[in-house]
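S.K.: Structure incoming, see below.
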Amino acid sequence: MASTERGRPDGRQARWDRHNQERRQQIIDAALAVIEAGEPGAEVHVQQYAEQAGLSRTVIYRHFADRADLDRAVQTAIVEGLAAELLPAVTLDGTIPEIVGRVVRTYVDWATTHPALHHVAEQDTSLDGSGPLQQGIERIAAQVVEVITTAVDLLDLEVSEDERAALDPLVFGLVGAVFGAVRRWMAKPEQTPPAPLLVALTTDSVWFILQGHARSLGLELRSDQPIEQLLEQASAAVDAAARVETSDLVDLPPARVEGPR
């Protein structure tokens with residue numbers, strides 16, 4: 001039985017579920033080790049995973065419906081590892097080029113350090129294009145949207161509802177373009193230009209786009225200006241405007257009050 005008569009979880013079932021989860025993770029970890037040890041694109045077999053995990057193929061297929069299910073679980077684990085590296089880099093610390101460069105550099109460093117894992121991650125076998133890597137890109141893009149929306153609000157920029165709504169698809173497209181550029185670069189027989197130059201050029205491309213959009217909103221961005229300083233200036237401008245409005249109210253002549261005639 002899955003539960004006791006009083007409705008509490010059955011201890012044996014809980015232990016069995018935990019055992020299955022641990023065994024499933026053991027298999028995924030073994031698959032990652034096998035892939036990491038090989039060349040990008042090298043064919044790997046379930047038997048290799050089994051030997052690495054110290055299990056039989058039969059045991060592996062007790063925990064995964066089929067090879068496609070196993071491959072998807074491995075891809076998901078790879079993308080989660082990449083996301084764990086990238087998400088901490090998406091913050092408002094530094095200048096805008098520094099922020100963008102930090103994110104791009106983190107991705108490029110991860111891809112060049114784990115080329116075989118990167119190759120597996122980008123293989124999309126889903127029918128609707130919603131594989132683990134695409135889901136990971138969407139997760140990272142969502143955080144970038146949140147950061148940019150926060151900056152827009154803190155800077156008190158006047159944006160229309162349509163412009164605010166457009167942030168989501170524009171940022172998703174921009175993040176997807178960065179991933180696409182790095183993936184294309186990784187797929188080349190030789191990684192040229194060198195990684196540092198690729199990071200610099202990609203960062204410049206993103207910066208030019210952000211700077212252009214900011215200018216259209218009446219905000220002049222400087223590449224050497226830390227976001228913190230920019231936010232402080234915006235806050236000071238808002239406070240100054242508030243003081244002017246208050247001063248105008250104080251300087252108004254008193255209202256004329258007429259008595260009864």
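S.K.: Which one is farthest from THR149 (Cα to Cα), of the residues in the stretch 177-200 that are surrounded by fewer than 15 Cβ atoms within 10 Å (Cβ to Cβ) and within 16 Å of the chain's Cα centre (by Cα)?
M.R.: Let us first name the residues in the stretch 177-200 that are surrounded by fewer than 15 Cβ atoms within 10 Å (Cβ to Cβ), namely 177, 180, 184, 187-190, 192-194, 196-197.
Going one step further and asking which of them are within 16 Å of the chain's Cα centre (by Cα), we end up with 177, 180.
Working: ALA177: 20, GLY180: 24 Å.
Selected residue: GLY180.
S.K.: May I pose another question? On the basis of being within 22 Å of ALA31 (Cα to Cα) and free of Cβ contacts under 8 Å to residues at least 60 places away in the same chain, does GLU138 make the cut? Steps first, answer last, please.
M.R.: Values: within 22 Å of ALA31 (Cα to Cα): no; free of Cβ contacts under 8 Å to residues at least 60 places away in the same chain: yes.
No.
S.K.: Among the candidates ALA50, ALA77, single out the residue that is touching a Pro at 6+ places or on another chain (Cβ under 9 Å), crowded, with 17+ Cβ neighbours inside 10 Å and farther than 30 Å from GLN225 by Cβ. Before the answer, list the steps.
M.R.: On the way: ALA50 fails: touching a Pro at 6+ places or on another chain (Cβ under 9 Å).
None of the others qualify; the one that does is ALA77.
S.K.: Does LEU92 meet the test of being part of a helix (DSSP H, G or I) and surrounded by 15 or more Cβ atoms within 10 Å (Cβ to Cβ)? Write out each step before concluding.
M.R.: Values: part of a helix (DSSP H, G or I): no; surrounded by 15 or more Cβ atoms within 10 Å (Cβ to Cβ): yes.
When the stated conditions are applied, LEU92 does not pass them.
S.K.: Answer yes or no as to whether GLY81 is touching a Leu at 6+ places or on another chain (Cβ under 9 Å), in the same structural domain as ALA177 (by TED's automatic domain parsing) and closer than 20 Å to GLY38 by Cβ. Can you show your working first?
M.R.: Values: touching a Leu at 6+ places or on another chain (Cβ under 9 Å): yes; in the same structural domain as ALA177 (by TED's automatic domain parsing): yes; closer than 20 Å to GLY38 by Cβ: yes.
Yes.
S.K.: Using the structure shown, decide if ALA68 is part of a helix (DSSP H, G or I), surrounded by fewer than 14 Cβ atoms within 10 Å (Cβ to Cβ) and among the small types (Gly, Ala, Ser). Give the steps one after another, and end with the answer.
M.R.: Values: part of a helix (DSSP H, G or I): yes; surrounded by fewer than 14 Cβ atoms within 10 Å (Cβ to Cβ): yes; among the small types (Gly, Ala, Ser): yes.
For ALA68, the condition - part of a helix (DSSP H, G or I), surrounded by fewer than 14 Cβ atoms within 10 Å (Cβ to Cβ) and among the small types (Gly, Ala, Ser) - is met.
S.K.: Another question, then. What is the one condition in (1) of a type outside the set (A, V, I, L, M); (2) at pLDDT 95 or above; (3) touching a strand residue (DSSP E or B) at 6+ places or on another chain (Cβ under 7 Å) that ARG24 does not satisfy?
M.R.: For ARG24, the exception is condition (3).
S.K.: Now a separate question. Among the listed residues ASP162, ASP156, which satisfies the condition of being surrounded by fewer than 16 Cβ atoms within 10 Å (Cβ to Cβ), in contact with a helix residue (DSSP H, G or I) (Cβ under 6 Å, 6 or more places away or on another chain) and farther than 19 Å from VAL79 by Cβ? Lay out the reasoning, then the answer.
M.R.: On the way: ASP162 fails: in contact with a helix residue (DSSP H, G or I) (Cβ under 6 Å, 6 or more places away or on another chain).
Of the residues listed, the single one that is surrounded by fewer than 16 Cβ atoms within 10 Å (Cβ to Cβ), in contact with a helix residue (DSSP H, G or I) (Cβ under 6 Å, 6 or more places away or on another chain) and farther than 19 Å from VAL79 by Cβ is ASP156.
S.K.: Name the single residue that is farthest from LEU221 (Cα to Cα) among those in the stretch 157-171 being small (Gly, Ala, Ser) and part of a helix (DSSP H, G or I).
M.R.: First, the residues of the stretch 157-171 that are small (Gly, Ala, Ser): 160, 165-166.
Checking the rest, the ones that are also part of a helix (DSSP H, G or I) come to 165-166.
On the way: ALA165: 22, ALA166: 20 Å.
Once the filter is applied, the top-ranked residue is ALA165.
S.K.: Go through (1) assigned to a loop (DSSP other than H, G, I, E, B); (2) in contact with an Asp or Glu (Cβ under 7 Å, 6 or more places away or on another chain) and name the single condition THR106 misses.
M.R.: Every listed condition holds for THR106 apart from (1).
S.K.: Next question. Could you tell me whether any residue of the stretch 225-237 is assigned to a loop (DSSP other than H, G, I, E, B) and modelled with pLDDT of 85 or more? Give the derivation first.
M.R.: In the first step, residues of the stretch 225-237 are kept if they are assigned to a loop (DSSP other than H, G, I, E, B); the result is 225.
Adding the requirement that they be modelled with pLDDT of 85 or more leaves 225.
Checking the stretch 225-237: at least one residue is assigned to a loop (DSSP other than H, G, I, E, B) and modelled with pLDDT of 85 or more.
S.K.: Keeping to the stretch 29-67, report how many residues are closer than 23 Å to ALA187 by Cβ and either touching a Ser or Thr at 6+ places or on another chain (Cβ under 6 Å) or small (Gly, Ala, Ser) (or both). Walk me through how you get there before you give the answer.
M.R.: First, pick out the residues of the stretch 29-67 that are closer than 23 Å to ALA187 by Cβ: 31-32, 34-44.
Checking the rest, the ones that are also either touching a Ser or Thr at 6+ places or on another chain (Cβ under 6 Å) or small (Gly, Ala, Ser) (or both) come to 31, 37-38, 41-42.
The total comes to 5.
S.K.: Tell me which of these LEU157 doesn't satisfy, since it passes every other one: (1) in contact with a His (Cβ under 9 Å, 6 or more places away or on another chain); (2) of a type in the set (A, V, I, L, M); (3) in contact (Cβ under 8 Å) with a residue 40 or more places away in the chain.
M.R.: (1)
The values are calculated or read from the model by the stated rules, or taken from the named source; none is laboratory data. A quick note: this is a predicted structure, and the numbers were derived from the prediction, not measured. Virtual Cβ from ideal backbone geometry, glycine too; neighbours counted across all protein chains shown.
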